[in-house]
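Notes follow once the structure below has been shown.
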Amino acid sequence: MAAAAELSGRSPRAKGYWKVLWSPLALLLTFLLLQAGSADQTEEYLKREHSLSKPYQGVGSSTSSLWDLMGNVLVTTQYVRLTPDLQSKQGAVWNRVPCYLRDWELQVHFKVHGQGKKNLNGDGFAIWYAKDRMQPGSVFGSKHNFVGLGVFVDTYPNEEKQHERVFPYVSAMVSNGSLTYDHSRDGRPTELGGCTAILRNLNHDTFLVIRYVKRRLTVMVDIDGKHEWKDCLDVSGVRLPRGYYFGTSAATGDLSDNHDIISLKLYQLSVERTAAEEAMDKEVFVPSVDNLKLPGADPTSESMSGFAIFLIVFFSLLGLVFAGVILLIVYSKWQERSRKHFY
């Protein structure tokens, strides 16, 4: 028995020693790994007032509903169809409750399908976090000069030269109302980033997630039926005001598709911040992106408080008074010298 223990290279006593030693080490390692994994995101909570899911009871049909419908929307027990597979249709669904969360994640369960083959389908749909709701327009069924965030699932290439881009294509854009989504160029001039996503006519579920944490915008897709998120775009320095509305809209033109929303689930993310991050994380009032100047706005500036404006006015007036006193002294000295020179 002892020989067998020696042949194994470790005696039963040694094994017992290492077992006793390993247990607290394993616990400590597990704790550290959990802490590292939760350093940025600790908890998430489903916010039902900003979520849309089956069986969609009362959606758009009562004053107590949390969601409004616009255009050619069809609500069934299985999906909310923004547009049917018919030409020249538009539809949208908008949350009635403004969102004041600082960090959030929106999971979109959707399905795009129709009779069109390859590129003979269109146009696509958009997910919004915008200041103005229920505003029809030319950008996937919503207004073109929006204020806020738009994430676009574009299924038809409008620009003739598409060398490096394969459609359907997912992209994102932030606007303060002075930018417009250029449909003729598939939004290229204003996009923050994007990815190809072959998502039409699939037999499995397709998902898209938009995450906004610590001024960082992340979009990921799960379209392969493997229940795995794949990165689509990741942009830091994105500044979105609170109090905007979530919505989704779609449009068809000469080409068409069914654009179905199965669910929209918004989660509040509980994120730890250092004291320095809390000091830097001031509320913003105009959408902007660091290192990307939006026309009519300074992306690095925040709206000033009333107290800051008061200080600026006060010190400006004080400066004027001081300058007036200096000018009065200089003028008196000049007059005195003039009189001496005259006599």
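Couple of notes before you dig in:
- Simple label model, 7 Å out from Cα along Cβ direction - Glu277 to Asn145, nm: 3.8
- Cβ-based net charge around Lys54, under 15 Å, with every Lys or Arg adding one and every Asp or Glu removing one: +2
- Of the trypsin sites (Lys or Arg not before Pro) in the stretch 244-287, the ones in a loop by DSSP (not H, G, I, E or B) with at most 13 other beta carbons within 10 Å are Lys282.
- Simple Cβ-charge dipole of the stretch 43-289, Lys/Arg +1 and Asp/Glu -1, about Cα centre, in debye nearest 20: 360
- Likely footprinting exposure, Ile326, Ile198, Ile223, fewest C-beta neighbours within 10 Å first: Ile326, Ile198, Ile223
- Distant-in-sequence amide contacts of Asp186, defined by a placed amide H-H separation under 5 Å and a gap of 5 or more residues or a different chain, comprise Asn158, Glu159.
- Violating pairs (Cα-Cα greater than 24 angstrom) within the set Lys89/Lys111; Lys230/Lys282; Lys131/Lys214; Lys47/Lys131: Lys230/Lys282
- Over all other residues within a Cβ to Cβ distance under 12 Å of Lys143, the charged ones net out to +1, with Lys and Arg as +1 and Asp and Glu as -1.
- Shape of the stretch 116-234 from the C-alpha gyration tensor: oblate (a/c of 1.5 or more and a/b not above b/c, with a ≥ b ≥ c the square roots of its eigenvalues).
- Among the chymotrypsin sites (Phe, Trp or Tyr not before Pro) within the stretch 56-130, those in coil by DSSP and having at most 12 neighbouring Cβ atoms inside 10 Å are Tyr100.
- Working from label points 7 Å from Cα in the Cα-to-Cβ sense, the Glu159 to Asp205 distance is 3.5 nm.
- R0 of 56 Å, Cβ-Cβ distance Ser184-Ala323: FRET efficiency to nearest 0.05: 0.55
- Summarising the amide proton neighbourhood of Ser263: residues at separation of 5 or more, or on other chains, whose placed amide H is nearer than 5 Å comprise His109.
Bear in mind these aren't lab numbers, they're just calculated from the coordinates by the rules spelled out. Computed from a predicted model, the values in this text were never measured in an experiment. Cβ atoms come from the backbone with ideal geometry, glycine included; neighbour counts cover every protein chain shown.
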